[in-house]
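Each remark here refers to the structure printed beneath this line.
Just so it is clear, none of the values below were taken in a lab; they were calculated from the coordinates. The structure displayed is predicted, hence computed values, not measured ones. Positions of Cβ are generated from backbone atoms using ideal geometry, with glycine treated the same way; all protein chains shown enter the neighbour counts.
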């Protein structure tokens, strides 16, 4: 994604104005290509902790969540990429959880795009708290991670393995394995990414 020379030198009010301009442009334009570019930029800016307060005030979390149900796969990819970045911030994480974002994020696990799935897994990791663990590590998610851990794609396999080891209880993994042995993999309805 393109970097913006000089953004590092923006003060807080200039950052807010610039990001507000992007959000307004996203809402006003009818061009899908322009929307994709704006989403990519917002996702990129969500990586910088200095932008978090402005992004929260502009409700960019909700914008990214809305993108997860779009048919345009680029919208979904940039939306989950932005959420992945935002979810590293505790307040943004709480906003995602309060907005009921976990089912939308887990829905991205069925994408055919590697980047979308990788961002979804990382976002689930970031969203896992004592209160949300039962939802982020529900049986269907654990089964999905088990499948991903067996794929030939090393990035996907490694990340799924970390999820299983660090975020799931051993009993959950064993139970999911037992369920999977009793069903064909297609019953889960989550295909492996094609990229």
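Taking 0.36 nm per residue of separation and subtracting the Cα-Cα distance, full extension of the segment from residue 169 to residue 98 would add 23.1 nm. Normalising the average separation of contacting C-alpha pairs (under 8 angstrom, six or more residues apart) by the number of residues puts the relative contact order of the range 9-136 at 20 percent.
At a Förster radius of 25 Å, what calculated FRET efficiency corresponds to the Cβ-Cβ distance of residue 140 and residue 115, to the nearest 0.05?
Given R0 = 25 Å and the Cβ-Cβ separation, E is 0.70.
Packing around the peptides 115-128, 40-53, 74-87, taken as the average count of other Cβ atoms within 10 Å per residue, puts them in this order, highest first: 74-87, 115-128, 40-53. Seen against the Cα atoms of the chain and their longest principal axis, helix 73-86 is set at about 80 degrees.
Mind grabbing the base-10 log of I(q)/I(0) for the range 137-187 at q = 0.19, 0.26 Å⁻¹? Debye formula, identical points on the C-alpha positions, no solvent, two decimal places. Once normalised to I(0) and log-transformed, intensities are -0.56, -0.97. Across the range 97-141, the residues whose backbone nitrogen lies under 16 Å from the label position 7 Å along the beta-carbon direction of residue 150 are 140-141. Using only Cα atoms and rounding to the nearest 10 degrees, what angle (0 to 90) does helix 12-28 make with the longest principal axis of the chain? The answer is roughly 70 degrees.
Could you sort the peptides 11-19, 158-166, 137-145 by per-residue average Cβ neighbour count (10 Å cutoff), highest mean leading?
Numbers: 11-19: 14.1, 158-166: 16.6, 137-145: 20.6.
So the peptides 11-19, 158-166, 137-145, ranked by packing, come out 137-145, 158-166, 11-19.
With everything on Cα atoms, drop me the angle between helix 32-45 and the longest principal axis of the chain, reported from 0 to 90° to the nearest 10. On a 0 to 90 degree scale, this one is about 80. When restricted to Cα atoms, the chain yields an Rg and a Dmax of 17.5, 58 Å, respectively.
Dividing the helix sum by the residues of the chain, where each DSSP H run of 4 or more adds -39500 (n - 2.57), gives a mean residue ellipticity at 222 nm of -20000 deg cm²/dmol.
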